[in-house]
Amino acid sequence: MRIIRSSFGVAFATLLAACQSVPSDVPRASASLEPTRGSTVRGTASFAEMGGKVRVLAKISGLKPNGEFGFHIHEVGDCSSGDGMSTKGHFNPYGKPHAQAGMTERHAGDLPSLRSDASGNATLDTDVDTITVSPGPASIVDRGLIVHAQADDYKTQPTGNAGARSACAVIKRS
C-alpha cells in the first residue's frame with residue numbers, strides 16, 4: 001500500500017473519508033470549478049444537506065501558495081462571461097449584510113475563506129446553516145460558485161473586496 005506523503009494528499013484522503021460518511025439518501029449537489037480567463041484555479045465542491053445544515057467539501061488547486069481567498073455562492077448559475085461576473089452578486093435571499101461565515105447576520109452565500117498550502121492547493125470541510133440543497137428560498141442548486149483572487153475582508157459591503165473571480169462553477173443537483 002502506498003503512503004500518501006503530501007499534505008494535499010492527506011487532505012484529499014480526509015475529504016474522501018468525510019464524503020463516504022454522509023448518508024446516501026440526503027439531498028446532494030456538486031460543482032466543477034473551471035478557471036476564468038487568465039487563471040489556473042480549478043477544483044470541485046460537493047454539498048450534502050443533513051440535520052438542518054449543508055456539509056460543504058471543496059478541493060481547489062492552482063491558487064497562489066500560502067494565501068487566503070474568498071469563496072462564495074453567487075446569485076446566478078452562469079459562467080458564460082469568461083470572468084465570472086455573469087454569476088452576479090453573492091447569494092443573499094434574506095437581505096443580510098456581507099459577513100464572515102459563522103456570523104448570525106450574513107449572506108447565505110458567505111462561505112469560509114480558502115487557505116492554500118505551499119503548493120497552491122486548498123481544501124475545505126465545513127457545515128453551513130444558511131443554505132439548502134432542497135428546494136426553497138435558500139437553495140443553492142443552479143447558483144454560481146466562485147473562488148476569488150484575494151482574501152475576503154469581511155467588512156466591505158456587499159462583496160468583501162475579495163478581488164477578481166478566479167474560478168467559476170454552476171452548482172448542480174447530484
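With a Förster radius of 35 Å, plug the Cβ-Cβ distance of residue 88 and residue 66 into 1/(1 + (r/R0)^6) and report the FRET value to the nearest 0.05.
Numbers: r = 31 Å, r/R0 = 0.87.
In this case the efficiency is close to 0.70.
Using 0.36 nm per residue, how much length does the chain from residue 161 to residue 117 gain when fully extended, once their Cα-Cα distance is taken away? Mind showing how you got there, number by number?
Numbers: separation 44, 0.36 × 44 = 15.84 nm, distance 2.20 nm.
So the extension gain works out to 13.6 nm.
Could you state the number of Å between the C-alpha centres of region 152-174 and region 26-63?
Between the Cα centre of region 26-63 and that of region 152-174, the gap is 12 Å.
Less than 12 Å from a label point 7 Å out along the Cα-to-Cβ axis of residue 81: which backbone N atoms in region 130-174 qualify, by residue?
From region 130-174, the list is 164-166.
Starting from the Cα gyration tensor of region 65-150, take the square roots of the eigenvalues, sort them a ≥ b ≥ c, and report rounded, prolate or oblate (rounded when a/c is under 1.5, otherwise prolate if a/b is larger than b/c, else oblate). Don't skip to the end; give the middle numbers.
Working: a/c = 1.89, a/b = 1.30, b/c = 1.45.
Verdict is oblate for region 65-150.
Charges only on Cβ, +1 for Lys and Arg, -1 for Asp and Glu: so what's the dipole of region 82-139 about the Cα centre, in debye to the nearest 20?
On the way: 4 positive and 7 negative charges, 40 e Å.
So the dipole magnitude of region 82-139 works out to roughly 200 debye.
Using a 10 Å Cβ count of at most 16 others and DSSP loop calls, identify the longest part of the chain lacking such trypsin sites (Lys or Arg not before Pro). Please list the in-between numbers first.
Numbers: sites that count: 2, 5, 37, 88, 155.
Counting at most 16 other Cβ atoms within 10 Å as exposed, the longest clean stretch of the chain is 89-154.
Which entry in (1) 1.04; (2) 0.98; (3) 0.95 is this structure's computed Rg/Rh (Cα atoms, Kirkwood Rh)?
It is the one labelled (3).
Grab the other residues whose beta carbon is less than 12 angstrom from that of residue 33, score K and R as +1, D and E as -1, and report the net. Before the final figure, lay out the partial values.
Values: positive: 42, 59, 165; negative: 34.
Cβ neighbours under 12 Å give a net charge of +2.
Subtract the Cα-Cα distance of residue 44 and residue 105 from 0.36 nm times their separation in residues, and report this length gain in nm to one decimal.
Values: separation 61, 0.36 × 61 = 21.96 nm, distance 2.73 nm.
Extra length available between residue 44 and residue 105 comes to 19.2 nm.
For region 27-173, with only Lys/Arg (+1) and Asp/Glu (-1) charged at the beta-carbon, what is the dipole magnitude about the Cα centre, in debye rounded to 20? Display every interim value, and only then the final one.
Values: 16 positive and 15 negative charges, 46 e Å.
With Lys and Arg at +1 and Asp and Glu at -1, about 220 debye.
How far is it, in nm, from the label point at residue 174 to the one at residue 37 when both lie 7 Å from their Cα along the line to the Cβ?
Taking the simple label geometry, residue 174 and residue 37 are separated by 3.0 nm.
What ³J(HN,Hα) values, in whole Hz, does the Karplus curve 6.51 cos²θ - 1.76 cosθ + 1.60 give for region 45-53 when θ = phi - 60°, with x put for Gly and Pro?
Each residue of region 45-53 in turn: 9, 10, 9, 9, 8, 7, x, x, 9 Hz.
Just going by the charge dipole of the chain, with Lys and Arg at +1 and Asp and Glu at -1 on Cβ, which of 79, 138, 92 is farthest out on the positive end?
Positive-most Cα among the choices belongs to 79.
Since every read-out is calculated from the coordinates, none of them should be taken as a lab result. The shown structure was predicted, so the numbers you read here are calculated from the model rather than taken from an experiment. Positions of Cβ are generated from backbone atoms using ideal geometry, with glycine treated the same way; all protein chains shown enter the neighbour counts.
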